[in-house]
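The values are calculated or read from the model by the stated rules, or taken from the named source; none is laboratory data. Note that this is a predicted model, so its numbers are computed, not measured. Cβ placement follows ideal geometry from the backbone for every residue including glycine, while neighbour counts extend to all protein chains displayed.
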Amino acid sequence: MLEARDLAIGYGVRPIGTGLSVAVKPGEILCLLGPNGCGKTTLFRTLLGLLPSHGGTVLLNGRPITAMTRAAIARAVAYVPQAHAPPFPFEAVEVVLMGRTARLGAFSQPGKADRAAAHDAMRRLGIHDLAHRDYSRLSGGQRQLVLIARALAQEAALIVMDEPTASLDFGNQAQVLAQVADLARDASAEGHGVILSTHDPDQAFALDARVLLMCRGGVYAEGPAPEVLTDANLSTVYGLPVTVETTSSGRRVCLPSLSQSAPTMTSNAFTMA
Ligand SMILES: Nc1ncnc2c1ncn2[C@@H]1O[C@H](COP(=O)(O)OP(=O)(O)OP(=O)(O)O)[C@@H](O)[C@H]1O
């Protein structure tokens, strides 16, 4: 589905990270974790072909992403960015409908089936009551759910989500995580592949995900959540004592020590020699 080997990432001549290998199969959830500024968004942008890589290759369904058109990429991968208020007012359902663009001909307008797909995606996320509301006046969390609905309407096999729960309240976070789990085990197909970044390692346990733990632009550890999210790895990467405990219901949770001051963002910034 998606495979990147030995990627080097960066902006212009500025290197941000090296030695990054990522692979996602249908039905699999990959959680990208790491401190602020370690390069998660930059990696996403490179995986999506929005940013040229400084080295290495990204293969999408076996084809180099550099050889694919934007429309072909969009039919294979849906991207859920962090929600921002747009400068123009759109109805929420129009935003969801934008997910259908890659499936339309050059001069075609969305048809009945496209509108039905947009409304279905909103229903699936429990936000159909927002369909005709002004997107720019929705709360950050509501906007995030609309963007996830847009990705569902796009019907791409792989969904890449940049901190999808960042601005959501407790209940909506759980709802989105449940949707992510559903997408991966979608019974009607092989299941979507999902790559998501998060700052909450508990989510990787809740989703039974594979984890790519990044630090300073590189991969610190990669594998199933219980193997990667250990006391030692989390304490090293985040620069403060962290313990991983198991609740009475069997769920693992990560508990950072609150007795030390948090590390600064610059202490985690990647610098090339
Ligand atoms: N457009 C840009 N041009 C140059 N440098 C950038 C650009 N965008 C981000 N950076 C730098 O790249 C580094 C990695 O940023 P990135 O946004 O990928 O980190 P991140 O892990 O997603 O961070 P966060 O968890 O805070 O969202 C940071 O040092 C950042 O300042």
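Here are some notes:
- Residue in the range 10-20 that is surrounded by 14 or more Cβ atoms within 10 Å (Cβ to Cβ) and more than 16 Å from the ligand (Cβ to nearest atom) present: no
- Filter pass, residue 228 being of a type in the set (Val, Ile, Thr) and under 20 Å from the mean Cα position of the chain (by Cα): yes
- Positions within the range 159-198 being surrounded by fewer than 23 Cβ atoms within 10 Å (Cβ to Cβ), away from the ligand (no atom under 16 Å from the Cβ) and either part of a strand (DSSP E or B) or of a type in the set (Lys, Arg) (or both), in sequence order: 185
- Being assigned to a strand (DSSP E or B), farther than 30 Å from residue 242 by Cα, without any contact (Cβ under 8 Å) to a residue 60 or more places away in the chain and among the polar types (S, T, N, Q) holds for only one residue in 66, 57, and it is 57.
- Qualifying residue in the range 146-158 (condition: free of Cβ contacts under 8 Å to residues at least 40 places away in the same chain, among the aliphatic types (A, V, I, L, M), buried (at least 16 other Cβ atoms within 10 Å of the Cβ) and assigned to a loop (DSSP other than H, G, I, E, B)): no
- Going through (1) more than 18 Å from residue 196 (Cβ to Cβ); (2) within 19 Å of the chain's Cα centre (by Cα) one by one, residue 1 falls short only on (1).
- Residue in the range 246-254 that is in contact with a strand residue (DSSP E or B) (Cβ under 8 Å, 6 or more places away or on another chain), within 29 Å of residue 141 (Cα to Cα) and within 16 Å of the ligand (Cβ to nearest atom) present: no
- Here the condition is being at pLDDT 95 or above, over 20 Å from residue 125 (Cα atoms) and away from the ligand (no atom under 16 Å from the Cβ); of 204, 225, it holds for 225 alone.
- Hits in the range 25-47 (condition: more than 9 Å from the ligand (Cβ to nearest atom) and surrounded by 21 or more Cβ atoms within 10 Å (Cβ to Cβ)): 29, 30, 31, 33, 46, 47
- Taken over the range 199-217, the criterion of being aliphatic (A, V, I, L, M), in a loop (DSSP other than H, G, I, E, B) and buried (at least 23 other Cβ atoms within 10 Å of the Cβ) is satisfied by 209 alone.
- Failed criterion for residue 92 (all others in (1) of a type in the set (Gly, Ala, Ser); (2) crowded, with 21+ Cβ neighbours inside 10 Å; (3) more than 19 Å from residue 155 (Cα to Cα) hold): (3)
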